[in-house]
Amino acid sequence: MKKILIVGAGGQIGSELVTYLRGIYGGSNVIAADLREPANPVIDGPSVKLDVLDKSAFSYIVHKNSVDTIFNLVALLSATGEKNPQLAWDINMGALNNSLEIAREYNCAVFTPSSIGAFGGDFPRKNTPQDTVMQPDTMYGVCKVAGELLSNYYHSRYGVDTRSVRFPGIISNVTLPGGGTTDYAVEIFYSAVKGEKFVCPVRDVYMDMMYMPDALRAMVELMEADPAKLRHRNSFNIASMSFTPEIIYNEIRKHIPDFEMTYRVDPVKQGIAEGWPDNLDDTCAREEWGWKPEWDLASMTEDMIRAIRAKNLK
Ligand code: SER
């Protein structure tokens with residue numbers, strides 16, 4: 001990776017990936033592209049306004065800057081996708097399709113995240129294997145499975161260097177997630193630090209989660225991995241922690257003992273969460289490219305509270 005383009009750079013993952021990659025590869029070598037003007041313009045490197053569905057504008061940026069790696073982070077998440085499935089398909093698949101086609105033409109590597117949301121149907125909920133039944137019943141999941149297959153196709157058919165991980169819910173303290181089923185695991189921290197009672201939309205369900213520093217490192221380690229060692233490509237299970245709302249609530253209470261939580265279950269989110277794995281088996285990622293998480297529930301919770309307290313929110 002020498003010249004990198006991040007599309008969807010203003011989102012939860014993109015906003016931190018831009019800074020992380022600029023720290024490694026140099027500010028001028030990481031171009032941040034998003035549909036919206038950045039809320040907090042980043043000054044340590046180039047940024048452009050781009051609608052990824054506009055293929056010729058996307059292609060022009062790749063060509064003009066001699067981009068060799070595309071991180072495609074454009075997506076509507078699971079709960080938003082159920083509100084407008086057609087739009088989710090158009091955006092999620094359109095962004096991927098254009099990324100792959102442009103990568104084929106300009107010989108770029110492509111990273112596109114898949115998700116725990118790619119699983120569905122009759123698969124093992126506990127220690128969900130790398131290769132198993134994937135019959136999701138959300139539009140988000142349908143796009144993720146189709147995206148995994150399409151990315152593998154571009155690799156085998158055209159030799160495009162496509163790689164991906166199945167992200168769990170990502171917990172972070174810079175940019176809020178939006179429209180996901182796992183968002184509660186971020187929002188709960190803001191309520192706790194602000195001294196508010198948290199109203200949780202899902203109940204008694206385990207989902208995999210990951211702290212942002214592990215997610216950022218995973219992307220770079222996979223993209224830098226020796227291709228000869230990769231038996232899988234799109235997409236690797238990765239895991240670091242799995243909990244229910246009650247478990248994370250109790251962990252936060254170790255730091256903020258008077259924090260209160262109540263439930264108002266959102267049937268759409270609850271249904272989605274129950275259809276997803278409890279926890280993924282990430283053996284293949286560990287074996288093929290050395291994946292190993294560094295953060296667990298206790299260390300992540302302590303760090304999230306510290307970081308959100310430092311924002312001095314009212
Ligand atoms: N965080 C995503 C969601 O909840 C899952 O990949 O939709």
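Lys49: net charge of surrounding residues, Cβ under 9 Å, Lys/Arg +1, Asp/Glu -1, itself excluded?
Every neighbour counted, the sum reads -2.
Sorted from largest down, what three extents in whole angstroms do the Cα atoms of the chain have along their principal axes?
For the chain, the Cα extents along the three principal axes come out at 56, 46, 38 Å.
Using modelled amide H (1.01 Å from N, peptide plane; none on Pro or chain starts), what sits under 5 Å from the amide H of Ser47, excluding residues fewer than 5 places away?
Answer set, sorted by chain and number: Ala32.
Could you state the angle between the C-alpha long axis of helix 212-224 and the longest principal axis of the C-alpha atoms of the chain, as a value from 0 to 90 degrees rounded to the nearest 10?
For helix 212-224, the angle is close to 30 degrees.
Among Val186, Val74, Val265, whose mean-square fluctuation peaks in a Gaussian network model of the chain (Cα, cutoff 10 Å)?
Judging by the Gaussian network model, the answer is Val265.
Using only Cα atoms, find the angle between the long axis of helix 85-106 and the longest principal axis of the chain, and express it within 0 to 90 degrees, rounded to the nearest 10.
40
What's the lysine pair count for the range 181-314 at a Cα cut-off below 25 Å, pairs eight or more apart or interchain?
Count of close lysine pairs: 11.
Sort largest first and round to whole Å: the equivalent ellipsoid semi-axes of the range 65-214, each the square root of five times a Cα gyration tensor eigenvalue.
29, 19, 14
Less than 15 Å from a label point 7 Å out along the Cα-to-Cβ axis of Ala307: which backbone N atoms in the range 6-28 qualify, by residue?
Only 11-21 fall inside the zone, counting backbone N under 15 Å.
Count the net charge of all other residues whose Cβ sits under 12 Å from the Cβ of Gly195, scoring Lys and Arg as +1 and Asp and Glu as -1.
+1
So what J values fall out for the range 241-246 if you push phi through Karplus, 6.51 cos²θ - 1.76 cosθ + 1.60 with θ = phi - 60°, rounded to Hz, Gly and Pro as x?
8, 9, 8, 9, x, 4
Among 18-30, 238-250, how do they line up by average Cβ neighbours within 10 Å per residue, starting with the highest?
Details: 18-30: 17.9, 238-250: 20.0.
So the order, starting with the most tightly packed, is 238-250, 18-30.
Enter the angle in degrees (range 0 to 90, nearest 10) between the Cα long axis of helix 139-158 and the first principal axis of the Cα atoms of the chain, meaning the one along which they spread out most.
Roughly 30 degrees between the two axes.
Scale the Cα Rg of the range 188-227 by the rule-of-thumb value 2.2 N^0.38 Å and send over the ratio, two decimals.
1.82
Name the shape class, rounded, prolate or oblate, that the alpha-carbon gyration tensor gives for the range 1-141, where a ≥ b ≥ c are the square roots of its eigenvalues, rounded holds for a/c under 1.5, and otherwise prolate holds if a/b is larger than b/c and oblate otherwise.
Cα axes put the range 1-141 in the prolate bin.
Which order, highest average first, do 270-277, 299-306, 128-135 follow once you tally other Cβ atoms within 10 Å for each residue and take the mean per peptide?
Taking the mean over residues of other Cβ atoms within 10 Å, the ranking is 270-277, 299-306, 128-135.
Just to confirm a number: summing +1 for Lys and Arg and -1 for Asp and Glu over residues other than Thr181 whose beta-carbon lies under 11 angstrom from that of Thr181, what do you get? Kindly include the intermediate steps, with their values, before the conclusion.
Details: positive: Lys269; negative: Glu82, Asp183, Asp266, Glu274.
Net of charged neighbours comes to -3.
What's the center-to-center distance, using Cα atoms, between the range 118-188 and the range 223-298 in Å?
Cα centroid of the range 118-188 versus Cα centroid of the range 223-298: 12 Å apart.
Report, by chain and number, residues whose modeled amide H sits under 5 Å from the one on Arg166, excluding near sequence neighbours (fewer than 5 apart, same chain).
For Arg166, whose amide H was placed from the backbone, the distant partners under 5 Å are Ser114, Phe236, Asn237, Ile238.
With springs only between Cα atoms under 10 Å apart, run a GNM on the chain and tell me which of Lys292, Lys55, Lys194 wobbles the most.
Of Lys292, Lys55, Lys194, the most mobile in the Gaussian network model is Lys194.
Only the coordinates and a few stated rules stand behind these numbers; no lab work does. This one's a predicted model, so the numbers in the text were calculated from it and none came from an experiment. A quick note on method: Cβ atoms are made from the backbone with ideal geometry, for glycine too, and the neighbour counts reach across all protein chains shown.
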